[in-house]
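Okay, so here's the structure we're looking at.
The values are calculated or read from the model by the stated rules, or taken from the named source; none is laboratory data. If you're wondering where the values come from, they're calculated on a predicted model, not measured in any experiment. In this analysis, Cβ positions are derived from the backbone assuming ideal geometry, glycine residues included, and neighbour counts consider all displayed protein chains.
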Amino acid sequence: MISRKNTLMLAISFATVAFFFIYIGIFSTPKVDKASAGPYHMLYIEHTGSYAEFNDSMKKVQNLVATKKIVKIIPFGIYFDDPKVVAEENMRSWVGILIDKSEIAEVQDLVNKKVLKLKTIAKQDYARTTFPFKNMVSIYMGIFKVYPALEEFSTRHNFPQFVYKKTGYEKYYIMEIYRKDAGYIEYLMVYP
């Protein structure tokens, strides 16, 4: 027989777990729309391999810019390959931070030394959505909630099917911008 104390503890535990999942966005439904966004000034490294290694690459970028006078560090990831189609060891991505145009001179030495790459992506059209960003679990929850919504949007709007390309792949991607200060992750899929 379950005592009253155990019942109360079980109820508190259940409520805590339920609150946590609500907090990280399990009941959020991503709404995908067409939107123009950019330009983006990106300081990044190229990564080939599992997307799960993102954190290690991001730490490397953040350590390299730690001594620079960058007002606001906004992490991002650009993912070029579909994990359902491409072997994990061949998946390509860019991992880095978005910087203001006025900060480019501050990081030019890292670019000149070929430690980091610098690229500006002009304003363009994207399929865009957001998802709550509370902690690292939000990123994984976003994968399960947002990517199916993006896939449904691309099917509904007749986007071309993903095809692996060894070269020329850089113009089609999904970018995740981690706007922790604003409380959300922004997802941008290039609009063909």
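Do we find a residue being over 21 Å from the mean Cα position of the chain (by Cα), not in a loop (DSSP other than H, G, I, E, B) and not hydrophobic (A, V, I, L, M, F, W, C) anywhere in the stretch 126-147? Looking through the stretch 126-147, none of the residues is over 21 Å from the mean Cα position of the chain (by Cα), not in a loop (DSSP other than H, G, I, E, B) and not hydrophobic (A, V, I, L, M, F, W, C). Picking from residues in the stretch 99-113 that are among the acidic types (Asp, Glu) and surrounded by 14 or more Cβ atoms within 10 Å (Cβ to Cβ), the one that is farthest from residue 177 (Cα to Cα) is 106.
Answer yes or no: is there a residue in the stretch 113-120 that is within 15 Å of residue 174 (Cα to Cα) and not aromatic (Phe, Trp, Tyr). No, that holds for no residue.
Can you say whether residue 191 is under 22 Å from residue 52 (Cα atoms), surrounded by 11 or more Cβ atoms within 10 Å (Cβ to Cβ) and of a type outside the set (Asp, Glu), as far as the supplied structure shows? Criteria not met by residue 191. Residue count for the stretch 59-76, restricted to those that are surrounded by 13 or more Cβ atoms within 10 Å (Cβ to Cβ) and either out of contact with any Gly (no Cβ under 8 Å at 6 or more places or on another chain) or more than 30 Å from residue 161 (Cβ to Cβ) (or both): 9. Could you check residue 37 against (1) of a type outside the set (D, E, K, R); (2) closer than 20 Å to residue 187 by Cβ; (3) surrounded by 18 or more Cβ atoms within 10 Å (Cβ to Cβ) and say which number it fails? The single condition residue 37 does not satisfy is (3).
Residues that are closer than 23 Å to residue 95 by Cβ, β-branched (Val, Ile, Thr) and either modelled with pLDDT of 90 or more or in contact with a Pro (Cβ under 7 Å, 6 or more places away or on another chain) (or both) within the stretch 135-166 comprise just one, 146.
Every condition in (1) in a loop (DSSP other than H, G, I, E, B); (2) closer than 16 Å to residue 185 by Cα; (3) modelled with pLDDT under 90 is met by residue 2 except one, and the failing one is (2). For residue 44, state whether it is touching a strand residue (DSSP E or B) at 6+ places or on another chain (Cβ under 7 Å), aromatic (Phe, Trp, Tyr), at pLDDT 95 or above and surrounded by 13 or more Cβ atoms within 10 Å (Cβ to Cβ). Yes: the conditions hold for residue 44.
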